[in-house]
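The values are calculated or read from the model by the stated rules, or taken from the named source; none is laboratory data. Fair warning: this is a prediction, and the values are worked out from it, not measured in the lab. Cβ sites come from the backbone with ideal geometry, for glycine too, and all protein chains shown count toward neighbours. Heavy atoms of the whole protein, side chains included, go into the accessibility calculation; ligands, DNA and RNA do not. Shrake-Rupley method; radii C 1.70, N 1.55, O 1.52, S 1.80 Å.
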Amino acid sequence: MTSKDKIELLKGDITKIKTDAIVNAANSSLMGGGGVDGAIHCAGGPAILEACRKIVAKQGGCKTGEAVITTGGNLPAKFVIHTVGPVWNGSKYDEENKLANCYKNSLRLAINNHCKTIAFPNISTGIYHFPKKDAAQIAIETVVDFLAQTDEIEKVIFVCFDDENYGLYEKLIQ
Ligand code: AR6
């Protein structure tokens with residue numbers, strides 16, 4: 001099985017996905033927000049925010065490109081991995097590497113917590129305005145490279161909410 005065979009593409013709402021972990025495009029406060037972050041906290045219930053509060057008390061939030069893990073609360077997924085994507089600033093602040101780090105650190109955290117299946121949203125392509133085509137390329141390349149180096153992850157699902165992202169991923173994954 002090549003690493004590409006472990007990748008799936010779906011269109012829809014990540015809060016409905018039953019994987020070991022789903023990834024949240026959070027912000028460094030970990031205190032919730034709009035977009036996919038809002039949807040995850042809303043569907044998962046207060047246990048997720050409570051777990052985030054404990055992490056903040058311990059380590060003071062989450063830096064861009066890093067990731068933390070909490071319960072999935074009421075979600076079908078067991079865990080939520082919260083990662084903080086970069087705000088797009090015209091490539092001035094190494095945003096491409098920071099976005100790649102979100103995918104790598106989320107996958108590492110998934111393995112450390114014995115997760116075999118994981119679903120990603122299109123991190124940074126909403127409120128943070130990362131150009132969608134570049135973000136899709138970085139996401140796919142980073143995940144394919146990562147999967148080539150481990151047998152621990154069985155399936156990675158890219159969940160696209162909007163048609164534009166879905167179309168871009170479809171072309172790149174073919
Ligand atoms: N399921 C899957 N994808 C979704 C969903 C959903 N339910 N809802 C939106 N998306 P965004 P960012 C897609 O803005 O750009 C929050 O306020 C959406 O179409 O959620 O990383 C955080 O607290 C887009 O493609 O995240 C941060 O402050 C993708 O998710 C900030 O937004 C990411 O869009 C993070 O901004």
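Has segment 117-125 got any residue that is over 18 Å from G38 (Cβ atoms) and either hydroxyl-bearing (S, T, Y) or surrounded by fewer than 23 Cβ atoms within 10 Å (Cβ to Cβ) (or both)?
Our first condition is that a residue be over 18 Å from G38 (Cβ atoms); within segment 117-125, this holds for 117-118.
Keeping just the survivors that are either hydroxyl-bearing (S, T, Y) or surrounded by fewer than 23 Cβ atoms within 10 Å (Cβ to Cβ) (or both) gives 117.
Taking every residue of segment 117-125 in turn, at least one turns out to be over 18 Å from G38 (Cβ atoms) and either hydroxyl-bearing (S, T, Y) or surrounded by fewer than 23 Cβ atoms within 10 Å (Cβ to Cβ) (or both).
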Contact list please: Cβ distance under 6 Å, first residue in segment 73-86 and at positive phi, second residue open to solvent by less than 50 Å² (accessible area, probe 1.4 Å) and away from the ligand (no atom under 13 Å from the Cβ), pairs at least six apart or on different chains. G73/G45; G73/A47
Somewhere in segment 160-167, is a residue touching a residue at least 24 places away in the same chain (Cβ under 8 Å), within 13 Å of the chain's Cα centre (by Cα) and in a strand (DSSP E or B)? yes
Anything in segment 21-41 that is within 13 Å of the chain's Cα centre (by Cα), more than 8 Å from the ligand (Cβ to nearest atom) and either surrounded by fewer than 24 Cβ atoms within 10 Å (Cβ to Cβ) or more than 15 Å from C62 (Cβ to Cβ) (or both)? List them, or say none. A21, I22
Restricting attention to segment 57-66, report how many residues are surrounded by 16 or more Cβ atoms within 10 Å (Cβ to Cβ) and either free of Cβ contacts under 8 Å to residues at least 40 places away in the same chain or among the basic types (K, R) (or both). 4
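Do any strands (runs of 3 or more DSSP E) lying entirely in segment 61-133 carry at least 2 residues that are within 11 Å of the ligand (Cβ to nearest atom), and which ones are they? Quick ask: steps written out before the conclusion?
On the way: elements: 67-71, 79-84, 117-120.
In segment 61-133, 79-84, 117-120 are the strands (runs of 3 or more DSSP E) which contain 2 or more residues that are within 11 Å of the ligand (Cβ to nearest atom).
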I'm trying to understand the selection: among the residues of segment 67-97, which are open to solvent by 40 Å² or more (accessible area, probe 1.4 Å) and either within 12 Å of M31 (Cα to Cα) or in contact with a Cys (Cβ under 8 Å, 6 or more places away or on another chain) (or both)? K78, F79
